[in-house]
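The values are calculated or read from the model by the stated rules, or taken from the named source; none is laboratory data. As the structure is a computational prediction, the values presented were derived from the model and not from experiment. As a convention, Cβ positions derive from the backbone with ideal geometry for all residues, glycine included, and neighbour counts pool all protein chains shown. Note: areas computed on protein heavy atoms with side chains; ligands, DNA, RNA excluded. Shrake-Rupley method; radii C 1.70, N 1.55, O 1.52, S 1.80 Å.
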Amino acid sequence: MIRFRPTMRRVRYHILLYVIVAAALLVTGCGDDDDDDSGSDYKLRTTPFKSNAVREPGESGTMKIRACTVLSAREVGRAVDAAQLSPTPNNSLDLSICNWDGGGAHVKLMVDTAPKAQLRYYNLLAEQHEYYNADPELKARQIKGVGEDSAYGGAGAWWTRGRNQLVAYDHDKILKVRVNVAGWSDARARATAIALGKRAVRKTRS
C-alpha cells in the first residue's frame, strides 16, 4: 500500500488551487469581453445600418434633359468667340450630348442623368487620382463653385488640361464640358469651360 507523504499532499493541493484560480480568471476574462469592450479597438455596432442616397439603386429615365437646349448656340459662340456654331445632338435614355462646331472651335456638353450619379462621379475622380496623379496633362485639378461641392470627393468639379474637359456633379447629374479652340491656352480653355459649366448647372437645376 502506497502512503502519500505530507509534502506530496501539499504539492497536489497547490497544483489544484492553481488550476481553480486559472479557470476562474479565464471565465472572468470571457465575461469581460462580452460586457465591456472599452479596452478593444473594435466596437460593437448597436444601431442598425441605414441606406443613403449614394447606395440607392435609382431609376432610369426620370429626367428628360437635352444638352442642345441647355446651352444655346449663341451662348456657346459668344463664349468661344465664334460667330456661327452648328449644334449636333446625340440623345439616349439617360445621356444627352451636344457638339457645337465652327470657326476653329469645338465645344461639347454631356449631361448624364443615369442612376448613382454621385457615386459614379466619385469613382471617376478616384480613378483619375489613382492612375494619372503624376501626369500633369491628365491630373484631376479640383474646382469649387461649379457643381455641388458637398459631393463625395471634396469638390463639385474637376478639370483635366490634357482633355480640355471639365467634369461636374450636381443634383443627381454628371455634366462634362469640353472646350477646344485653336491657339487657346489651358487657362483660357479652363475659364471658358467653368463659365459654361456654371451656366449648364444653373439651367439643369430648374
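At most 11 other Cβ atoms within 10 Å and a DSSP loop assignment: could you name the GluC sites (Glu not before Pro) in the stretch 127-195 that fit?
Numbers: sites: 127, 130, 137, 148; in loops: 137, 148.
Hits after loop and neighbour filter: 137.
Taking Cα pairs under 8 Å and at least six residues apart, what relative contact order does the stretch 103-205 come out at, in percent? Spell out each step's value before the answer.
Values: 188 pairs, mean separation 30.2, N = 103.
The normalised contact order for the stretch 103-205 reaches 29 percent.
With r as the distance between the Cβ atoms of residue 74 and residue 131 and R0 = 25 Å, compute the FRET efficiency 1/(1 + (r/R0)^6) and round to 0.05. Walk me through the intermediate numbers first.
On the way: r = 38 Å, r/R0 = 1.53.
The calculated FRET efficiency here is 0.05.
Per q in 0.13, 0.24 Å⁻¹, report the Debye log10 I(q)/I(0) for the stretch 149-206, using one uniform scatterer on each alpha carbon and no solvent.
-0.32, -0.94
How much solvent-accessible surface does residue 92 expose, in Å² to the nearest 10, with a 1.4 Å probe and all protein chains in place?
60 Å²
Please work out the Cα center distance from the stretch 146-160 to the stretch 64-124, rounded to the nearest Å.
One Cα centre to the other: 19 Å.
Multiplying the sequence separation of residue 81 and residue 195 by 0.36 nm and subtracting their Cα-Cα distance, what value in nm do you get?
That works out to 39.7 nm of additional length.
Could you state how much accessible area residue 185 has, in square angstrom rounded to the nearest 10, with a 1.4 Å probe and all protein chains kept in place?
Result for residue 185: roughly 60 Å² accessible.
When the solvent-accessible surface of protein heavy atoms is calculated with a 1.4 angstrom probe, in what order do 110, 63 fall, highest first? Please report the intermediate quantities before stating the final value.
Numbers: 110 30, 63 55 Å².
So the residues, ranked largest to smallest area, are 63, 110.
Kindly report, to the nearest 10 Å², the accessible surface of residue 192 as traced by a 1.4 Å probe over protein heavy atoms only.
The value for residue 192 is about 20 Å².
Give me Rg over Rh for the stretch 79-126, both radii from the alpha carbons and Rh done the Kirkwood way, two decimal places.
Working: Rg = 14.1 Å, Rh = 12.5 Å.
Over the Cα atoms of the stretch 79-126, Rg/Rh equals 1.12.
Return the long-range amide H neighbours of residue 148 (sequence gap of 5 or more, or a different chain), with a cut-off of under 5 Å between placed amide H atoms.
Here 169, 170, 171 satisfy the definition.
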